[in-house]
Structures are given as C-alpha cells and as structure tokens.
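Asker: The structure follows.
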Amino acid sequence: MSDHSVAHGTFVIEKEFAHPVAKVFGAWADPKKKSKWFGDPNNPAQVFEFKPGGRESSSGTIPGGPTFNFDVTYQDIVPDNRILYSYDMHMDGKKISVSLASIEFTATPKGTKMKMTEYGLYLDGLDNMAQRKAGTISLIDALGGYLDKA
Amino acid sequence: MTTAETTRNVTHATFVIERVYPQSPARVFHAFADPKAKAKWFHGPADEWSEETREMDFRIGGRETSVGQLHRDATPHAFSALYQDIVPDRRIVFSYDMLIGDRRISVSLTTIELKPEGQGTRLLFTEQGAYLDGYDDAGSRERGTRELLDQLGRSLMD
C-alpha cells in the first residue's frame, strides 16, 4: 500500500563539450539527433513537439525488467541558450516522479558549457534523487559520446 | 537599434510553507479541486486586481489558466498550470508558468501535501522555481503564496 510520500530533491550537473553551442543545443532540439543518445534507440519518441507547451513522449523496457514511460511538456525554449521542461516518469504504469529540468548552454573558449538543474519529487518511495542523478549523468555521457562522433 | 537585447539567465530558488487549518483534509482539498471554491481565495489583492479569464480542468494532464491585471500597471499577469499528479485528499502536483505581458518570468514545480492533524489538516506547500532573465523575485513569490494561503484559510471559514 502506498504511503503517499513525496521526497523533494535538486541536483545540478555541469559538463563542458568541445563542440559549438548550436551543435549541443541541436542534439536536444532535433528528434533524430536526440534519439541517437537519449533513451531506447530501438524505440524513439512517439511524440516530439519542441516548442513551449509542446510534448514529448517515449517509452522503453529494460530487458527482463520494468517498462518506463517518459512524458515531457516543454515550458520555455530560447534557441542556443536554454530549455526548460517538466516531465513525469512512470514505471509499469505507476507514477514514480515529477521533475522540472532547466538546461542552460553557454559558449566557452573550448566549446560549450551545459548546466542542467533538475528539481524532482519522488513519489511513494518508488524512486530517489541519487538514482535519478546517476541516470542523468549516464545520459549526459551518452550525449558527449554522440557529439564526438556526429 | 529597434529592440533591446534580453539578458538571458535562470535563477533557481525553492521555498516551503507549512500551514495548519482546523478543517479536514477533504475540505482543504476541495478548496483546490473545485473551481468555485478555488476562485474564492486564488486571486490577486482584492482592491488592486481585476480578473480577465479563469479556466480550470482539475485532473492529471489538465490545465488551469488565470489571467488578471493589477490596476497600477494594466499589464496582464498570466498563471498557466499543468496538473501532474493528484491523489484525492492527499496531494496535488502541478508545474506552472507566470507571464507578465508576453514575457515569461518563471517556471515552477509546486507540491501540495495534506496530512491529517487532529481534527484538522497540516498543509505542506513546496515550490521549486526557476526565475528567468533577471526577473528579481526577491522573495515576492513566497510572500504572495503566504498571502494566498491566508486567503485560503479565510475561505474555509465561510
């Protein structure tokens, strides 16, 4: 039985890429590019509306494990500058978290600094911030790998 | 030079407010869930505020929009929310944007938790906010929210 608990957490991840801002931003903004590094490559987003108020929806199943649904609403977009979106995560149909992510892109001499600030609330003991932060660091590493090859 | 360059930045800030109301969780939840009950307390300062539109679709994935203006600046202030999670009598989660005119000043994630406390209710209000482009909140969102929760308390006595 659910205890209806809510655990709030905030984490920040900063990463510098040796690529120009337009390229890093484009890896988030273009569904084909994003599918190369974000989520299940065999199961790209079914909905991808990259504009304020637009939605993104995708799902993926861990082999032998649960199915996750990721549902986004884009809240604010400034090209080559920032992306704010809220999202829900469901695991096997149960809502495990609601989050608000801000991604800021800044040009540096080397390329681009990307700062991700994520507010989260983790519901009913089904997820936690440490796990989400670790998962997000893996994603950002995958983004870096994609950018180096693209 | 026809347009001023906007300085882009994002400032993050979180606040938490607790309130205890003598009414039951079901009664307090109703004040958030029912459009008529919510309209009694969710509005700008009565003598300085005129309301333009108000729409509310209280279900997960539903939206709420409330637009009004302060008499002194005659600029529309728009609250636009998306309900992300609702557990009757227990919790409400929504994200929302605030716009002044056509300028988005903030994006926030709000959690309202209701817990029985004696015959009454302990309300925990947590807001995780991103304030945009130098909009200087300086605590005004938290103060405004405290006023709203006071107005909510008074509306429960009707």
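The values are calculated or read from the model by the stated rules, or taken from the named source; none is laboratory data. The structure presented is a predicted model; accordingly, all values stated were derived computationally and were not measured. Cβ sites come from the backbone with ideal geometry, for glycine too, and all protein chains shown count toward neighbours. All accessible areas refer to the heavy atoms of the entire protein, side chains included, with ligands and DNA or RNA removed. Shrake-Rupley method; radii C 1.70, N 1.55, O 1.52, S 1.80 Å.
Asker: Suppose we filter segment A:64-80 for residues that are within 9 Å of chain B (Cβ to nearest Cβ) and either hydrophobic (A, V, I, L, M, F, W, C) or surrounded by fewer than 17 Cβ atoms within 10 Å (Cβ to Cβ) (or both); how many remain?
Answerer: 1
Asker: Further, regarding this structure: Of the residues B:LEU109, B:LEU152, which is away from chain A (no Cβ under 14 Å) and farther than 17 Å from B:HIS77 by Cα?
Answerer: The match here is B:LEU152.
Asker: When you look at B:VAL28, is it of a type in the set (Val, Ile, Thr), open to solvent by 40 Å² or more (accessible area, probe 1.4 Å) and either under 30 Å from B:GLU117 (Cα atoms) or free of Cβ contacts under 8 Å to residues at least 12 places away in the same chain (or both), yes or no?
Answerer: Criteria not met by B:VAL28.
Asker: Of the residues in segment B:45-88, how many are within 13 Å of chain A (Cβ to nearest Cβ), touching a residue at least 12 places away in the same chain (Cβ under 8 Å), assigned to a strand (DSSP E or B) and of a type in the set (Val, Ile, Thr)?
Answerer: 2
Asker: Separate question: Looking for something farther than 17 Å from B:LEU132 by Cβ and not polar (S, T, N, Q) - is there at least one such residue anywhere in segment B:1-9?
Answerer: yes
Asker: Of all residues in segment B:112-139, which are at the interface with another protein chain (Cβ under 10 Å from one of its Cβ atoms), modelled with pLDDT of 95 or more and surrounded by fewer than 19 Cβ atoms within 10 Å (Cβ to Cβ)?
Answerer: B:LYS115, B:LEU124 - these are the residues of segment B:112-139 that are at the interface with another protein chain (Cβ under 10 Å from one of its Cβ atoms), modelled with pLDDT of 95 or more and surrounded by fewer than 19 Cβ atoms within 10 Å (Cβ to Cβ).
Asker: Then there is this: Among the numbered criteria (1) touching a strand residue (DSSP E or B) at 6+ places or on another chain (Cβ under 6 Å); (2) among the hydroxyl-bearing types (Ser, Thr, Tyr); (3) surrounded by 15 or more Cβ atoms within 10 Å (Cβ to Cβ), which one does B:THR14 miss?
Answerer: Result: B:THR14 passes all but (3).
Asker: If only one of B:SER80, B:SER108 is within 12 Å of the chain's Cα centre (by Cα) and open to solvent by less than 10 Å² (accessible area, probe 1.4 Å), which one is it?
Answerer: B:SER108
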